[in-house]
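The values are calculated or read from the model by the stated rules, or taken from the named source; none is laboratory data. Everything numeric here is computed off the predicted structure, so don't read it as measured data. Quick reminder, even Gly has a Cβ in these numbers, built from the backbone with ideal geometry, and neighbours come from all protein chains shown. Surface areas here come from the heavy atoms of the whole protein model, side chains and all, with no ligands, DNA or RNA. Shrake-Rupley method; radii C 1.70, N 1.55, O 1.52, S 1.80 Å.
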Amino acid sequence: MTTPRPRSRPAASAADYVADDLQRRIGEQGWAPGRRIGTKVELCAEYQVAPATLGEALRVLRARDAVEVRPGPGGGIFVAAQSPLIRLAYEVLDLRQAGTAVNDVVEVLDALDDAVLHDAARHRTEADLADLDALLAELESTWAHPSDGLHPNWRLHRRIAEISPNVVLRTFYRNLVDYITAESQTDVTLGVIGLEPTSEERLQVHRDLVAAIRSQDPDELAAVLRAHRTAVAP
């Protein structure tokens, strides 16, 4: 007999709870694609939810490419074969739960800056440049106050990445930026000894980032990438 799952959750979030718990179990227990999880009746009993609630949870899981629903005799809920990109997306989302150090994420982000900046320079439009100018102006107006300037800084980097036509690069980069933003609400130095978040040098580097994207000059791009690494190094 299946043991009912705990019900210590708000009723309004029951479908989300079921979806998240099932996905967690698939990952933690290493269930292989094609493994049968159970029928709708069995899962309703296990989670003590109504069929409509389970149906909503299954819609979420199918959108995540986590399960497939097979009708008819021998049917039920089965573990889906996720694409590598879907797995990558959820592994990035799991970084926060795993307590990954922000500096580790920043290090990876720095390694991606070369590809992101060159893509932005090659593919930027006038609309892109207008957005970057507006974000740079916001960054300049808040630069002297680190807690205010933190988010404009990362929004600028995020917008630069959005110019890239490489969906893997821009998606991965944006997720890493979002992780850093969420985890560095108070420590604007990211724990780096000697980093001066409000230095004129660092602000000028961000001006030069936008200028290099506008000019598309290879030498300017190379110079600003070197300067950016220096400005954020210990």
Residues within the stretch 200-234 that are in a loop (DSSP other than H, G, I, E, B), at pLDDT below 80 and open to solvent by less than 80 Å² (accessible area, probe 1.4 Å), tallied: 1
Select from the stretch 129-154 the residues that are out of contact with any Gly (no Cβ under 7 Å at 6 or more places or on another chain), at pLDDT below 90 and closer than 19 Å to residue 228 by Cβ and list them in ascending order. 146, 149, 150, 151, 152, 153, 154
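Okay, residues lined up against (1) modelled with pLDDT under 80; (2) basic (Lys, Arg); (3) in a helix (DSSP H, G or I); (4) in contact with a helix residue (DSSP H, G or I) (Cβ under 7 Å, 6 or more places away or on another chain):
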{"position": "73", "(1), (2), (3), (4)": "no, no, no, no"}
{"position": "77", "(1), (2), (3), (4)": "no, no, no, yes"}
{"position": "81", "(1), (2), (3), (4)": "no, no, no, no"}
{"position": "86", "(1), (2), (3), (4)": "yes, no, yes, no"}
{"position": "95", "(1), (2), (3), (4)": "yes, no, yes, yes"}
{"position": "100", "(1), (2), (3), (4)": "yes, no, no, no"}
{"position": "103", "(1), (2), (3), (4)": "yes, no, yes, no"}
{"position": "107", "(1), (2), (3), (4)": "no, no, yes, no"}
{"position": "115", "(1), (2), (3), (4)": "no, no, yes, yes"}
With respect to residue 186, is the statement that it is exposed (fewer than 15 other Cβ atoms within 10 Å of the Cβ), at pLDDT below 90 and outside any helix (DSSP H, G or I) true? yes
